[in-house]
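Before any comments, here is the structure.
The values are calculated or read from the model by the stated rules, or taken from the named source; none is laboratory data. Just so it is clear, the structure is predicted and the values come from calculations on it, not from any experiment. Glycine gets a Cβ as well: all are built from the backbone with ideal geometry, and neighbour counts include every protein chain shown.
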Amino acid sequence: MTTIYTVCTGQGYKYGAFALINSIRAMGCANPIVVGTDVHLQELDAVDGVSQFIFDTDWNGTNLKAYTILKQPSDRFIYFDADIILTSKTFIPEIEKLLDEDKLIVPIDGIVSENEIRRSYWKEIYPGNTDKIEHSWYYNAGFFAGTLKQHKQLLMDWMELNQKYLNLKAFLFENERLPMADQDTLNAILQTLPINAMVTIQIPDWRIFTTDYSPFFHIGNFRPHAFLHCTDKDKSWKVKKIPARAPHAYDDLWYYYSRKNTQPVNFNPEISWWVKQWFERTIISRIIIKLKKILN
C-alpha cells in the first residue's frame, strides 16, 4: 500500500497535520501515514496507522520533504504539506493507479515561459537535458507522488540541491535566487524530465487561497476539488482575532476537522470565543468584518 507523508515543524503546523490526517481518514483512505516532526506529538500516540519520524536536524520543515521519505522509505509515496485538506474520496485511489505506471505526479502552480529568466539559474544548478524543454510549467511542491524504484534518484538530487544552494534553516523568500526554497530546486529538476514521465494536476482540481483562479485553469475533473492547500501565511490555526474577511473554504474545513469530525486525531487547539464566532459565521462576526472593511 502507498504510504502518505507530511511534515510539520513549528508555528502550530501540527494543527494543520492533524486536520489533514482526519480528512484522509474521513475520505475512506486507510493508507499508512508518516508524520515528520521536530518534537514528539502526544496527540498521535494512540492513532492507528500513523507513525512519527522525529528529525535529527534543525533544517526548516519546508526543506525536509525528500529527507523524510528517504529516511522512512516506502515503495510508493504520496506527500501532502501539513496545510492541505483532502476533499475527494476518489483522489488517492486515482493517484495509486498512476503509481502502478511509475508516473511522477505533481500539481501545476502556473505558467513559466521556456525563455523565462529564472530558467537560466535552474540550468546553472541542475543542467540535465534542458536544451529541449518540453513543458512550460511551474510546479507546486506541496503535493507530489511517486515510486521509490523510479524516483529515488530524483529525491536524492532534490535533497542535494537543497543542501548545496539553500540556507536550510531559512523559510520562503529568504534565499535570494531561489525565493521559493525547495519548490524552486524541485522545479530545476522537473524541467529536465520527459513530459511523458509525469502526470500533472492543475487548478481547480487543487485549490489555493493566495491567488484567484487563473483563467487558463477553469475546467476540473474532481468535483469540486481533490484537495485544498492553504498557501496563505495566515493559517487557520493562527487566527487570534476576527480578520477583515470571511472564512474561506480551507478555514471552514480546518474548523470542521478540529472541532466536529475529530477522528482519528482528537485535538483541541485554543480558539477564543470571538474567533469561534468568525469560524461559525455568526451575525456578530459578519458585522465586525463589514466594519473592519469600512475602516480599512
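The conditions are (1) buried (at least 17 other Cβ atoms within 10 Å of the Cβ); (2) in a helix (DSSP H, G or I), and Cys29 fails exactly one of them. Which is it?
Among (1) buried (at least 17 other Cβ atoms within 10 Å of the Cβ); (2) in a helix (DSSP H, G or I), Cys29 violates only (2).
Please pick out the residue among Leu161, Leu190, Leu168 that is closer than 12 Å to Leu104 by Cβ and in contact with a helix residue (DSSP H, G or I) (Cβ under 9 Å, 6 or more places away or on another chain).
Result: Leu190 is the single residue among Leu161, Leu190, Leu168 that is closer than 12 Å to Leu104 by Cβ and in contact with a helix residue (DSSP H, G or I) (Cβ under 9 Å, 6 or more places away or on another chain).
Has the range 267-290 got any residue that is at pLDDT 85 or above, surrounded by 15 or more Cβ atoms within 10 Å (Cβ to Cβ), over 30 Å from Tyr126 (Cβ atoms) and touching an Asp or Glu at 6+ places or on another chain (Cβ under 8 Å)?
yes
I need the full set of residues from the range 244-269 which are free of Cβ contacts under 8 Å to residues at least 24 places away in the same chain and either in contact with a helix residue (DSSP H, G or I) (Cβ under 9 Å, 6 or more places away or on another chain) or among the aliphatic types (A, V, I, L, M) (or both), in order please.
Tyr256, Arg259, Asn268 - these are the residues of the range 244-269 that are free of Cβ contacts under 8 Å to residues at least 24 places away in the same chain and either in contact with a helix residue (DSSP H, G or I) (Cβ under 9 Å, 6 or more places away or on another chain) or among the aliphatic types (A, V, I, L, M) (or both).
Determine which member of the set His151, His135 is at pLDDT 95 or above and of a type outside the set (S, T, N, Q).
Going through His151, His135 in turn, just one is at pLDDT 95 or above and of a type outside the set (S, T, N, Q): His151.
With respect to Asp205, determine if the residue is over 19 Å from Ala19 (Cβ atoms), within 17 Å of the chain's Cα centre (by Cα) and surrounded by 18 or more Cβ atoms within 10 Å (Cβ to Cβ).
Here the answer is yes, as Asp205 does meet what is asked.
I'm told Ser120 meets every condition in (1) over 25 Å from Asp234 (Cα atoms); (2) buried (at least 22 other Cβ atoms within 10 Å of the Cβ) except one. Can you identify the failing condition by its number?
Of everything listed in (1) over 25 Å from Asp234 (Cα atoms); (2) buried (at least 22 other Cβ atoms within 10 Å of the Cβ), Ser120 misses just condition (2).
Could you look through the range 144-179, keep only residues that are within 15 Å of Arg118 (Cβ to Cβ) and without any contact (Cβ under 8 Å) to a residue 24 or more places away in the chain, and pick out the one that is surrounded by the most Cβ atoms within 10 Å (Cβ to Cβ)?
If we take residues in the range 144-179 being within 15 Å of Arg118 (Cβ to Cβ) and without any contact (Cβ under 8 Å) to a residue 24 or more places away in the chain, then Asn175 is surrounded by the most Cβ atoms within 10 Å (Cβ to Cβ).
Of everything in the range 1-26 that's aliphatic (A, V, I, L, M) and outside any helix (DSSP H, G or I), which residue is farthest from Trp59 (Cα to Cα)?
Among those residues, the one meeting the criterion is Met1.
Could you identify the single residue in Leu178, Leu172 that is in contact with a Pro (Cβ under 9 Å, 6 or more places away or on another chain) and in a loop (DSSP other than H, G, I, E, B)?
Answer to the check: Leu172.
Quick one: how many residues across the range 51-81 are buried (at least 16 other Cβ atoms within 10 Å of the Cβ) and farther than 21 Å from Met1 by Cα?
7
How about the range 223-269: which of its residues are of a type outside the set (Ser, Thr, Tyr) and assigned to a helix (DSSP H, G or I)?
Within the range 223-269, Trp237, Lys238, Ala249, Asp251, Asp252, Leu253, Trp254, Arg259 meet the criteria.
Just to be sure before I move on: is Tyr126 over 22 Å from the mean Cα position of the chain (by Cα) and surrounded by 19 or more Cβ atoms within 10 Å (Cβ to Cβ) in the structure I sent?
yes
What pairs come out if I take residues in the range 270-282 that are over 18 Å from Ala249 (Cβ atoms) and pair them with residues that are of a type in the set (S, T, N, Q) whose C-beta lies under 8 Å away, six or more apart or interchain?
Trp274/Ser285; Gln277/Ser285
What do you reckon, is Glu134 of a type outside the set (A, V, I, L, M, F, W, C) and part of a loop (DSSP other than H, G, I, E, B)?
yes
How many residues, within the range 232-264, are surrounded by 19 or more Cβ atoms within 10 Å (Cβ to Cβ) and within 19 Å of the chain's Cα centre (by Cα)?
10
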